[in-house]
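**Q** Supplied in structure tokens, the structure appears directly below.
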Amino acid sequence: MQPSDIAIISENIAAPIPLTDRFGEYIPRKTFKDSWSFNGAASQSYENLRGHYDQGEMDAEGNSLYAGFSVGDPRNHLHREISFVAVYNGKLGILSEVELNAHYNGAAGKTGENDLSDSQFVEMAATLQARLADLSARYPQTDFFITHGNKVTLDGRIVVNAFTPLLDGELPGGLRLTPEYKMVMISPYFVSGEGADITSCRTLYRIAVDLEELVSDMAADTEETAA
């Protein structure tokens, strides 16, 4: 993948739609309906998931009210409080996102000290696209992209994202374990073998860590340049 192939999203209609928060609790029905009911695929996935896996919610402090999630529940694959169950391009999967300490709202211009000018954003976006393209080569089943602007992110913050569509009831390679309507969600990076567990995936965890490291490296580079 070329750096220019890494999408830059600033419109709500093109952005991922979260079905859970970062602790694995479902978005409240009213909030979901008010914000995202326009997307049929997301609405269907939301209701299907709640029908199959309406357990495992957390208390106000983020502690699990149950021993764990059921086998096949996509919330098994959430990591490091930067991951969500989401729908993107009509597919259900795991979204990991990390914010940069920078904002860009396009035509709205600069309104704060961390807001970038057009030229600054173009430069930062090109750097991010190059680094995300490197990650894309390492994780071919994952879509990497950039979001920004107050229609998509909080206060227009620049965010790097990784979205991995999950397989529904089948293993990588096509071996089907259950009918699709069972919604047994499996990582596309699952590797069969002794001790293999479809409820966890080290690669999805690694993707989240690599996104965090990418942003940390960007911050360090910026500080070094400023010095």
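**Q** Suppose we keep only residues that are under 19 Å from Phe144 (Cβ atoms) and either of a type outside the set (Lys, Arg) or more than 18 Å from the chain's Cα centre (by Cα) (or both) within the range 177-203. Which one would you say is surrounded by the fewest Cβ atoms within 10 Å (Cβ to Cβ)?
**A** Ranking the qualifying residues of the range 177-203, first place goes to Thr203.
**Q** Can you tell me which of Phe163, Phe145 is touching a Ser or Thr at 6+ places or on another chain (Cβ under 7 Å), among the hydrophobic types (A, V, I, L, M, F, W, C), modelled with pLDDT of 90 or more and under 21 Å from Ile94 (Cβ atoms)?
**A** Testing whether each residue is touching a Ser or Thr at 6+ places or on another chain (Cβ under 7 Å), among the hydrophobic types (A, V, I, L, M, F, W, C), modelled with pLDDT of 90 or more and under 21 Å from Ile94 (Cβ atoms) leaves just Phe163.
**Q** Does Leu154 fit the bill of being under 18 Å from the mean Cα position of the chain (by Cα) and either open to solvent by 60 Å² or more (accessible area, probe 1.4 Å) or among the hydroxyl-bearing types (Ser, Thr, Tyr) (or both)?
**A** In short, yes.
**Q** State which residue pairs qualify: first residue closer than 15 Å to Ser45 by Cβ and inside the range 11-30, second residue β-branched (Val, Ile, Thr) in any location, beta carbons under 6 Å apart, and separation of 6 or more residues or different chains.
**A** Note: pairs meeting the criteria are Ile17/Val87; Leu19/Val85; Thr20/Val85; Tyr26/Thr20.
**Q** Of these, Arg206, Arg131, which one is part of a helix (DSSP H, G or I), touching a strand residue (DSSP E or B) at 6+ places or on another chain (Cβ under 9 Å) and surrounded by 14 or more Cβ atoms within 10 Å (Cβ to Cβ)?
**A** Arg131
Condition check ((1) part of a strand (DSSP E or B); (2) closer than 16 Å to Tyr46 by Cβ; (3) charged (D, E, K, R)) across all residues:
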site: Arg75; (1), (2), (3): no, yes, yes
site: His79; (1), (2), (3): no, no, no
site: Val87; (1), (2), (3): yes, yes, no
site: Leu95; (1), (2), (3): yes, yes, no
site: Glu99; (1), (2), (3): yes, no, yes
site: Ala102; (1), (2), (3): yes, no, no
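**Q** Moving on. Could you please find all residues in the range 104-128 being under 30 Å from Gly93 (Cα atoms), in a loop (DSSP other than H, G, I, E, B) and at pLDDT 90 or above?
**A** Tyr104
**Q** Across the range 21-55, which residue is surrounded by the fewest Cβ atoms within 10 Å (Cβ to Cβ) among those that are of a type in the set (Ser, Thr, Tyr) and under 27 Å from Tyr104 (Cβ atoms)?
**A** Per the criteria, the residue is Thr31.
**Q** Of the residues Gly149, Gly93, Gly174, Gly169, only one is farther than 22 Å from Ile82 by Cα and open to solvent by less than 10 Å² (accessible area, probe 1.4 Å); which?
**A** Gly169
The values are calculated or read from the model by the stated rules, or taken from the named source; none is laboratory data. Just so we're clear, the structure is a prediction, and the values are computed from it rather than from any experiment. We place every Cβ from the backbone using ideal geometry, glycine too, and count neighbours over all the protein chains shown. Accessible surface areas use protein heavy atoms only, side chains included; no ligands, DNA or RNA. Shrake-Rupley method; radii C 1.70, N 1.55, O 1.52, S 1.80 Å.
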